[in-house]
Amino acid sequence: MADTKKQEKDFTAEVDALIPEAKSLAESGKLEESIDKLLVLEKQTRNASDLPSTTRLVKEISQLAYDSRNYPLLNHNIQLLSKKHGQLKAAIQGLVELVMGWLQEIKEQDGIERWLELIETLRTVTEGKIFLETPRARVTLLLAHHHESLANSPTPTSPAPKDSKQTASDLLSELQVETYSSMERREKTEFILEQMRLLIMVAREKDAEKGKEGQTNAIGGGEADWVKVRVAGRKINETFLTQKENEDLKLKYYDMMIQYALQRSGYLDATKYFYKVWETPSIKAETTGRGREALEHIVYYIVLAPHDNEQSDMLHRLFKDPALQKLELHYALVKCFTTPELMRWPGIETIYGPHLRATSVFSSDKLWEDLHTRVIEHNIRIVAQYYTRITLARLTDLLDLTPRETEETLSRLVVSKSVWARVDRPAGIINFRQARTAEDVMNDWSSDMSKLLGLIEKTWMGVNAAQAAQARVKA
């Protein structure tokens, strides 16, 4: 197929004369005869590279079959015309666009079976053709939505809902729309977001099945689909989402990325995504609506995130944000984590528990326990700042834990290198200061001696200056 050949003859007059004649034959019941006449002239216009005439003829052939509601003939001619030797690309594009315009009407008037037949015909015609990649993607999206609807409203003859959802996801996932040069950027983004949405739907169903089977530690479930969600998310340009006209896409994208992050207990990533949502002008303007909700979730997930340099930096920047001061309870909670003081868990539970447990976040026992863990870890870091050595019994009392829980938490922080500690179990003593080498001691001594000699020299120069001044006065 090529459009580079120069047009050899103009068949406009012949086409103008033949089309009314073909319509008359079709109306009189001689549909196949009328189409045969058009096919004969179509071959001539195609060989002469007369694009306008060829496009008119292929469209008219399909239109006659469609007007007669002869769908087997329509599907046959669509495939026949697309496979003709030397068929012009623009003519096939025009034909596919025309047929796609009939899909909704066929679905409503002639039933889902005829609609599916035509969908499959279009997918067959467009397969492997780069110049038809965008129409193929659009048709595939319609088919994917059809399978999703079967999952939501199954019929006696439809597959199991799980299989319908998997089919819908697989259909869209096979499209690499990010490489389509003929598709607009916004439409590409919409397709990728739809891929992510279906992948998340399938992954959640697989995870639910895995949980029912009691295989909580088994490899499987929706893990593979969650990985695909992350891969698809990387195909979206976040800079493009910052444009005002793409705000709806931005909110959809970050909503799904938040779901991905929380599925993997990535609280810091969830905080970053909520930050992106909160920074959206329309969201930030809603101080009592979505803006407040986003800011509250930022607080929840930043305090749930394990401590590291990035988490600490975000936590302190959030604490200084004027918007947070309007939320008194949340401001006080963040202040507890930024102040180098111990937080007793019973007090935190009494002050913040009734409100936090009523939220959608901390209604989960797992997340509530994670908050308890973060409070304990904070307390251990504070103890490490103020104590060189402490007994295990005293640390256990400060943390409101059992000795076993204290050791487990401390060991986890030591492994993650959040604190340095050594436990002398027979003596029941924890050492928070690393033993200094002879080299470290000598370096400190050398530094102290340098400071001392500097002070002596400065003092000596001051004494000499005073003596010289007194000598001048006496003279």
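Quick notes
- Estimated from the Cβ-Cβ distance and a Förster radius of 60 angstrom, the FRET efficiency linking Ala466 and Ser363 is about 0.20.
- The stretch 42-146 - Kirkwood radius from inverse mean 1/r over Cα pairs (Å): 13.9
- For the stretch 286-370, the square roots a ≥ b ≥ c of the C-alpha gyration tensor eigenvalues yield an a/c under 1.5, which makes the shape rounded.
- Peptide packing: for 102-113, 400-411, 166-177, the average count of neighbouring Cβ atoms within 10 Å per residue gives the ranking 166-177, 400-411, 102-113, highest mean first.
- Among 48-61, 415-428, 179-192, 122-135, the order from most to least packed when residues are scored by Cβ within 10 Å on average: 48-61, 122-135, 179-192, 415-428
- When the chain is described by a simple charge dipole with +1 on each Lys and Arg Cβ and -1 on each Asp and Glu Cβ, the residue from Pro354, Ile92, Ser182 located farthest towards its positive end is Pro354.
- Qualifying lysines (Cα of each under 27 Å from Cα of Lys366; at least 8 residues distant if same chain): Lys206, Lys210, Lys212, Lys228, Lys252, Lys272, Lys276, Lys335, Lys417
- Solvent exposure of the stretch 37-96 as accessible area per residue, Å², 1.4 Å probe: 37
- The radius of gyration of the Cα set in the stretch 95-147, together with its Dmax, comes out at 10.5, 32 angstrom.
- Cα-based convex hull, the stretch 220-363, per residue volume (Å³, whole number): 137
- Label-zone membership for the stretch 63-97, site Lys129, 7 angstrom Cα→C-beta point, backbone N under 11 Å: 78-84, 87-97
- The stretch 1-157, relative contact order [Cα under 8 Å, separation at least 6], %: 20
- Taking packing as the residue-averaged number of other Cβ atoms within 10 angstrom, the listed peptides 76-83, 446-453 run from highest to lowest as 76-83, 446-453.
- Heavy-atom accessible area per residue - the stretch 143-209, 1.4 Å, Å²: 47
- Inter-label distance, nm, simple model (7 Å from Cα along the C-beta direction), Thr350/Asp170: 5.9
- Within the accessible surface of the chain, defined with a 1.4 Å probe on protein heavy atoms only, the carbon and sulfur portion equals 53 percent.
- Computed from point charges on the beta carbon alone (+1 for Lys and Arg, -1 for Asp and Glu), the dipole magnitude for the chain about its Cα centre is near 1860 Debye.
- Listed residue (Leu329, Gln434, Ala13) projecting farthest to the positive dipole end of the chain, Cβ model: Gln434
- Lys/Arg +1, Asp/Glu -1 at C-beta; the chain dipole; positive extreme among Ser28, His307, Thr55: His307
- Spin-label model distance (nm) - Glu21 vs Asp163, 7 Å beyond Cα toward Cβ: 5.2
- Label corresponding to volume of the Cα convex hull per residue in Å³ when calculated from the structure given, among (i) 201; (ii) 320; (iii) 251: (ii)
- Each Lys and Arg Cβ is given +1 and each Asp and Glu Cβ -1; about its Cα centre, the stretch 29-90 then shows a dipole of about 200 debye.
- Span from the the stretch 426-475 Cα centroid across to the the stretch 340-354 one, whole angstrom: 45
- Using 0.36 nm per residue and subtracting the Cα-Cα separation, the extra length available between Leu455 and Lys5 on full extension is 152.7 nm.
- Between the stretch 365-399 and the stretch 1-80, the Cα center-to-center distance that results, in Å: 81
- Cβ charges +1 (Lys, Arg) and -1 (Asp, Glu), total dipole of the stretch 160-277, debye: 320
The values are calculated or read from the model by the stated rules, or taken from the named source; none is laboratory data. Because the structure is predicted, anything quoted here is derived from the model rather than measured. Every residue, glycine as well, gets a Cβ built from its backbone with ideal geometry; the counts of neighbours run over all protein chains shown. Areas reflect the complete protein model, heavy atoms only, side chains present, ligands, DNA and RNA absent. Shrake-Rupley method; radii C 1.70, N 1.55, O 1.52, S 1.80 Å.
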